[in-house]
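The values are calculated or read from the model by the stated rules, or taken from the named source; none is laboratory data. The structure displayed is predicted, hence computed values, not measured ones. Cβ atoms come from the backbone with ideal geometry, glycine included; neighbour counts cover every protein chain shown.
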Amino acid sequence: MTFATPTLRLSADQYRRIVAQCYDGLPDEACGLLAGPLDGLEPTGEVREIYPCRNADASARTYTVDPSDLLRSLRDAERNGHELIGVWHSHTHTDAYPSQTDVRTAPDPGWIYVLVSFKHPDPVFRAYRIRDGVIAEVAVDLAD
């Protein structure tokens, strides 16, 4: 199956804030949400706002976006004319590639899924689309 894979476009500051929040979450996985515009039902890939969230699982192996953080993020995004277009989380011990759990629990086939891995000394930041169990990598473009 083939599907559109937009380029994830975020600022260098947004990138730094996501990675910093993932470091702050250690030893547990950290998570957050991405907001931006849609083109019809699909995200354009442009990130207009990021929302760091609590990991309700408080786990180094799994994450669940805290429901109150999800609601707060959704309301703020809508108030600013945006939609939630994706989620990020960290992998504390594995590569920046969706796990079986990530694929099974991916909440929205339109979303972009960002992973920040701490398996190696330097963090690895990658993005994906997950639809019907199919994983497709998304290019990441950092703007100044």
Practice problem: Could you list all residues from the range 93-112 that are under 22 Å from Tyr15 (Cα atoms) and assigned to a helix (DSSP H, G or I)? | Solution: Asp102
Quiz item: Of all the residues that make up the range 1-31, how many are surrounded by fewer than 21 Cβ atoms within 10 Å (Cβ to Cβ), under 13 Å from the mean Cα position of the chain (by Cα) and closer than 22 Å to Thr92 by Cβ?
Solution: 5
Quiz item: Looking at Val65, is it aliphatic (A, V, I, L, M), more than 22 Å from Val140 (Cα to Cα) and surrounded by 14 or more Cβ atoms within 10 Å (Cβ to Cβ)?
Solution: yes
Self-check item: Every residue from the range 1-22 that is closer than 13 Å to Val116 by Cα, touching a residue at least 60 places away in the same chain (Cβ under 8 Å) and either out of contact with any Gly (no Cβ under 7 Å at 6 or more places or on another chain) or in a strand (DSSP E or B) (or both)
Solution: Tyr15, Val19, Cys22
Quiz item: Tell me, which residue of the range 23-41 that is within 21 Å of Ala77 (Cβ to Cβ) and of a type in the set (A, V, I, L, M, F, W, C) is modelled with the lowest pLDDT?
Solution: Leu41
Practice problem: For residues that are among the polar types (S, T, N, Q) and out of contact with any helix residue (DSSP H, G or I) (no Cβ under 9 Å at 6 or more places or on another chain), scanning just the range 68-106, find the one that is surrounded by the most Cβ atoms within 10 Å (Cβ to Cβ). | Solution: Ser73
Practice problem: Search the range 116-144 for residues being touching a Lys or Arg at 6+ places or on another chain (Cβ under 9 Å) and free of Cβ contacts under 8 Å to residues at least 40 places away in the same chain, and hand back the single one that is surrounded by the most Cβ atoms within 10 Å (Cβ to Cβ). | Solution: Ser117
Quiz prompt | Considering residues of the range 37-63 that are within 12 Å of the chain's Cα centre (by Cα) and outside any strand (DSSP E or B) only, the residue farthest from Glu83 (Cα to Cα) | solution = Tyr63
Self-check item: Every residue from the range 45-84 that is of a type in the set (D, E, K, R) and closer than 17 Å to Ala35 by Cβ
Solution: Glu46, Arg48, Glu49, Asp66, Asp69, Arg72, Arg75, Asp76, Glu78, Arg79, Glu83
Quiz item: Could you say which residue among Leu34, Leu84, Leu115, Leu71 is more than 13 Å from the chain's Cα centre (by Cα), on the phi < 0 side of the Ramachandran plot and either part of a strand (DSSP E or B) or of a type in the set (A, V, I, L, M, F, W, C) (or both)?
Solution: Leu71
